[in-house]
Amino acid sequence: MTMEHTSMGEVVVIGLGPGNSEWITPEASEELARATDVVGYSTYVKRVPEIPGQRRHLSDNKVEAVRAAMALDMARRGSRVAVVSSGDPGVFAMAAAVLETADDDQWRDVPVRIVPGMTAAQAVASRVGAPLGHDFGMVSLSDRLKPWDVVVKRVRALAGADMAFAVYNPASKSRRWQVGALRDIVLEFQKPDTPVIVARAVGSADESVTVTTLAELDPDVVDMRTMLIVGASTTHVYDGPDGRRVFTARHYEAPATDD
């Protein structure tokens with residue numbers, strides 16, 4: 001009696017960029033074309049061009065661990081599985097979910113590779129200039145996977161360190177008060193005229209980008225397709241021929257001396 005042998009496949013976690021097809025890297029496109037299966041949140045899978053014979057597995061956005069286990073199982077049985085995320089898969093996305101799920105005896109020998117993509121923070125920053133031009137941070141305002149007091153602690157640390165930072169997942173249909181809370185926390189450390197970029201659906205036909213301030217930030221305009229970038233004391237705004245320009249300086253003024 002002979003045993004049927006199935007060669008091991010692999011899981012490739014791919015970043016699709018923030019939305020514009022031009023922001024998908026050539027490496028990501030090549031990996032998508034080679035995949036036998038594409039796995040991901042339905043919105044992201046629909047962004048992938050259909051290839052005859054390639055299987056597509058669409059799921060809800062709240063079942064990351066289930067999605068990761070399915071991909072690893074298919075790879076164990078010989079499939080080349082592309083797990084897709086928007087932006088960069090290593091930034092609040094599927095790379096961590098796949099690697100965490102794979103940290104188990106049943107999955108640990110399955111090959112997993114990560115293919116980077118442009119982050120939403122990079123795309124938003126480029127629309128106004130260079131608000132993340134110096135030291136910066138990234139924080140998710142969602143308390144679905146971590147307690148709100150942890151979010152508060154991290155926002156305080158960023159604002160207290162006088163760093164510009166990008167805010168992922170600032171609001172949703174059910175989470176409406178967190179943006180106002182964010183504004184109030186940052187105002188404990190920064191001036192009311194600190195620049196804030198409110199960017200919605202960057203890279204899509206619905207894109208809108210507004211430069212405002214902490215004092216004038218309106219939480220009601222923020223939804224699940226919005227990203228915020230909160231400036232620091234060294235973030236500057238001025239008017240250029242192509243609109244408002246924002247940059248965070250890469251240098252600090254020298255301290256005053258008595259000489």
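Can you give the local net charge around Ser86? Use residues other than it whose beta-carbon is closer than 12 angstrom to its beta-carbon, Lys and Arg +1, Asp and Glu -1.
On the way: positive: Lys46, Arg47, Arg225; negative: Asp88.
Here the count lands on +2.
Report in % the part of the accessible area of the chain that belongs to carbon and sulfur, leaving out ligands and nucleic acids; probe 1.4 Å.
Numbers: 7130 of 13880 Å².
Here it works out to 51 percent.
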Need one number for the stretch 10-115: average projected area of the convex hull over its C-alpha atoms, nm². 5.8 nm²
Give me a comma-separated list of calculated 3J(HN,Hα) values for the stretch 143-160, in order, Karplus coefficients 6.51, -1.76, 1.60 applied at θ = phi - 60°, integers in Hz, x for any Gly or Pro. 9, 6, 10, 8, x, 4, 5, 6, 4, 4, 4, 6, 5, 4, 5, 5, 5, x
In the stretch 48-163, with Lys and Arg counted as +1 and Asp and Glu as -1 at Cβ, which of these residues, Ala69, Phe92, Pro49, has the Cα nearest the positive end of the dipole, that is, farthest along it? Pro49
Lysines whose Cα lies under 26 Å from that of Lys146, excluding same-chain neighbours fewer than 8 positions away: Lys62, Lys173
Can you order the peptides 120-131, 46-57, 230-241 by their average number of other Cβ atoms within 10 Å per residue, highest first? 120-131, 230-241, 46-57
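Work out, step by step, the length gained on full extension between Ser21 and Gln106: first 0.36 nm times the residue separation, then minus their alpha carbon distance; give nm to one decimal.
My answer for the length gained is 27.0 nm.
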When the Karplus curve 6.51 cos²θ - 1.76 cosθ + 1.60 is applied with θ = phi - 60°, which whole-Hz ³J(HN,Hα) does each residue of the stretch 71-81 get, with x for Gly and Pro? 5, 5, 5, 5, 5, 4, 8, x, 7, 9, 9
Rg(Cα) / (2.2 N^0.38 Å) computed for the stretch 80-159, rounded to two decimals: 1.36
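To the nearest 500 deg cm²/dmol, what mean residue ellipticity at 222 nm is calculated for the chain from DSSP H runs of n ≥ 4 alone, each contributing -39,500 (n - 2.57), summed and divided by the residues?
Details: 7 runs with 67 residues, N = 259.
Dividing the helical sum by the residues of the chain leaves -7500 deg cm²/dmol.
Work through the residues other than Ser208 whose Cβ is under 14 Å from its Cβ and net out their charges, Lys, Arg +1 and Asp, Glu -1. It would help to have the intermediate numbers written out before the result.
Working: positive: Arg127, Arg200, Arg225, Arg244; negative: Asp206, Glu207, Asp218, Asp223.
Net local charge, Ser208 excluded: 0.
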Stokes-Einstein at 25 °C, 0.890 mPa s, Kirkwood radius from Cα pairs: D for the stretch 120-248 in µm² s⁻¹? 170 µm²/s
Over the stretch 120-248, average the accessible area per residue using a 1.4 Å probe and give it in Å², no decimals. 48 Å²
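Take the alpha-carbon positions of the chain, form their convex hull, and give its projected area averaged over all directions (one quarter of the hull surface) in nm².
Working: hull surface 74.5 nm².
Taking a quarter of the hull surface, the average projection is 18.6 nm².
The values are calculated or read from the model by the stated rules, or taken from the named source; none is laboratory data. None of the values given here were measured: they were computed from a predicted structure. Positions of Cβ are backbone-derived with ideal geometry, glycine not excepted, and every protein chain shown enters the neighbour counts. Remember, those area values only see protein heavy atoms, side chains included, never the ligands or the DNA or RNA. Shrake-Rupley method; radii C 1.70, N 1.55, O 1.52, S 1.80 Å.
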